[in-house]
Each structure stands twice: as structure tokens, then as C-alpha cells.
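Take a look at the structure set out below.
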Amino acid sequence: MSNSDDFAARRAKARDQINALDPAMHGDSDPYRRDWFRAVYDLAEGDAARVPWADLAPHPLLADWLRDRRLTGRALDIGCGLGDNAEAIAKAGAQTSAFDLSENAIAWARKRFPQSSVDYRAADLFATPRDWRGAFDFAHECYTLQALGPAALPAAARAIAQTLKPGAQLLVIARARDEREEIPGPPWPLTRSQIDTIAQAGLRLEALEDIPEGGPRGRHWRALFRA
């Protein structure tokens, strides 16, 4: 299980290996990091401990937000990884699509949830399927934006906004930092002004929670936007 000492030890060992392969750790300016994201899943060889963001459970801030909510219509989970967040969204009632850049991640998610109603696809956020344009009533993004270089944030926000119907909601969960707090990254926790950058993609910020330090995950934003 993801909470076991053995899982944690395997994760720590793998982190050194994948960090060594990450061009962002060595001054590379490419903000999209596509090859590295794919390499993480390729090198994991079926061991979720070797995927740094795979906890084999929905993110607690998503699970908390979904509690006592019933979603309707179509939903999109962005950067779905191994599928736990997408499955939680589907269980809340939405007809759910989910995508990840890595074909291996998608195959892995399908294997983990063979009876799932979720439509899992390999896709690039910056070149989503044409039939997704303006198609979704709800979208969820957790940790994808903070994993891209800050220069990619405006384009990523526009790409997400293009998938939403007028009036649709977008829930963003990300680590948070102060404006003057220097973080070499990756990842790059978002500042308050970067939350506003997301809104500038044609979205309106409806609610913003600044969840303080205290738990093992540290300070987070949970932001709700409307198209």
C-alpha cells in the first residue's frame, strides 16, 4: 500500500533516478517537460512508488470537495496519471473523460480499473482532441500546472479553458507559495498572481481557499473557476 515503509523507501530511491533525468533540474528552459513525464512512467515498470505523484488514492482536497456533491454532465480530469482522481469524479456522478500525456500511464489506469466507466485517453494538453472543445461541464486539474515551467502557465490555462462549456466549472488544486518566495522547482508551487493568470484565460475565479501548512502535503490552493 502507498502508506507502507517499503513503498516510501522505493519512492525515495526512485526519486534520485528520475531527478537525475529531469532537464529542469539541470537548467533546461523547456517549460513543457514532455519527454521527462513520459520517462517517469516508462521507468516505473509497473511500480507506483516510482511515480512521485501517484498515491493510489484520490487527492484529499478533491475527495473533501466532492463529499456530499453530486456532479452532472460531462467531466474532464487533466493529467490523470493512474486514475484515482478520475474515478472519484466518476463516482460523484459525472460522465468522465481523463487524459495523460503518457500512453503507459493510460494503459496502467485502464488495468487498475478494468470495469471503469471513465474514458481514458493518451493526449497532450496543448493539442486536445477536437471533439473536447467546449464539451465539458466540469474539469479538474491537480498538480499539472505546477509541474510545468511557469512560462507555460498562460498557454496551459487557455488550453484548459477551451475544453469548457460556457458556465462550466474548473477546480484547480496546487501547492501554494508567497509572491516573493523563490522556488527553483520543479515543481513550482503557484502564487496568488498565477491563480489570477488562470482566470485571465476567460474564466472567473469563484472561490479560492488558501489551505495552510500543517499536513504532510504543505500549503495548497484549492481554486474554483467558472467559464
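Every read-out reported here was derived from the displayed coordinates using simple, explicitly stated rules and does not represent laboratory data. Model, not experiment: these values are computed from the prediction. In this analysis, Cβ positions are derived from the backbone assuming ideal geometry, glycine residues included, and neighbour counts consider all displayed protein chains.
For this structure, a couple of remarks:
- Qualifying trypsin sites (Lys or Arg not before Pro) for the range 32-133 [loop in DSSP, other Cβ within 10 Å: at most 12]: Arg67, Arg69, Arg70, Arg133
- Each of Ala127, Phe37, Gly185 was placed along the dipole of the chain (beta-carbon charges, centred on the mean Cα), and the one lying farthest toward the positive end is Ala127.
- Cα-based convex hull, the range 64-117, per residue volume (Å³, whole number): 69
- The C-alpha radius of gyration of the chain, expressed as a fraction of 2.2 N^0.38 Å, stands at 0.96.
- Once the convex hull of all Cα atoms in the range 107-202 is built, its volume per residue stands at 114 Å³.
- Gap separating the Cα centres of the range 102-122 and the range 4-80, nearest whole Å: 15
- The range 135-192: trypsin sites (Lys or Arg not before Pro) in DSSP loop, at most 14 other beta carbons within 10 Å: Arg180
- Taking the Cα centre of the chain as reference, the dipole from Cβ charges on Lys and Arg (+1) and Asp and Glu (-1) amounts to some 600 debye.
- Seen from Arg38, the other residues with C-beta closer than 13 Å to its C-beta sum to a net charge of -4, counting Lys and Arg as +1 and Asp and Glu as -1.
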